[in-house]
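Encoded as C-alpha cells, the structure appears first; notes follow it.
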Amino acid sequence: MRLAVRVDVLAGRFASQRLAFAHLLDAAGAAGLSPDFDHVEVIAPPHGPRLRGYFDEATAARIADEAGADTVILVLPGALITGAFREDARLRRLGRFDGTMVRA
C-alpha cells in the first residue's frame with residue numbers, strides 16, 4: 001500500500017552515511033529528542049534512483065538539483081521528529097515535500 005506523506009528534506013556534506021547519522025544523533029540529543037532512525041533515509045549522490053522511490057520524477061529532480069553534491073536526508077513521518085532539525089554548519093533544510101511511502 002502506498003501512503004501519501006510529507007517528508008522533511010535536509011542536505012549536508014558528509015564523508016559517509018555513518019557520519020551523517022552521527023550528526024543527526026548529536027543534533028537530536030541537543031534538542032532533547034529521541035528520533036527513530038529506522039524512518040530516516042541518508043542518500044549519497046547520485047540521488048535520483050532512491051529519491052524516485054519516495055517522490056514523483058519532477059520533485060526528485062528538484063531535490064537532487066538543490067542538494068547538488070551534498071548528501072540528502074529524508075526525515076519520514078515515523079521518525080517522530082518532523083521539523084525538528086534546524087540548519088547548522090553541516091546541515092541545511094531543503095523543505096517539506098509531498099511524497100509516498102510503501103507500507104504493508
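Observations on the structure shown:
- Of the candidates 102, 42, the single residue that is surrounded by 18 or more Cβ atoms within 10 Å (Cβ to Cβ) and in contact (Cβ under 8 Å) with a residue 12 or more places away in the chain is 42.
- Among the residues of region 21-49, the ones that are aliphatic (A, V, I, L, M) and under 16 Å from residue 68 (Cα atoms) come to 3 in all.
- Of all residues in region 53-82 being buried (at least 17 other Cβ atoms within 10 Å of the Cβ) and touching a Pro at 6+ places or on another chain (Cβ under 7 Å), the one that is modelled with the highest pLDDT: 79
- Pairs, first free of Cβ contacts under 8 Å to residues at least 60 places away in the same chain and on the phi < 0 side of the Ramachandran plot in region 60-77, second open to solvent by 10 Å² or more (accessible area, probe 1.4 Å) and assigned to a helix (DSSP H, G or I), C-beta under 7 Å, six or more apart: 60/48; 64/48
- Residues located in region 1-30, provided they are open to solvent by 50 Å² or more (accessible area, probe 1.4 Å) and outside any helix (DSSP H, G or I): 1, 2, 3, 4, 6, 13, 15
- Filter result for the condition that a residue is outside any helix (DSSP H, G or I), open to solvent by 50 Å² or more (accessible area, probe 1.4 Å) and out of contact with any His (no Cβ under 8 Å at 6 or more places or on another chain), over 50, 86: 86
- Residue 35 open to solvent by 50 Å² or more (accessible area, probe 1.4 Å) and modelled with pLDDT under 95: no
The values are calculated or read from the model by the stated rules, or taken from the named source; none is laboratory data. This structure is a prediction, so every number in the text was calculated from the model and none was measured. Cβ sites come from the backbone with ideal geometry, for glycine too, and all protein chains shown count toward neighbours. The area values use the complete protein model at the heavy-atom level, side chains included, leaving out ligands, DNA and RNA. Shrake-Rupley method; radii C 1.70, N 1.55, O 1.52, S 1.80 Å.
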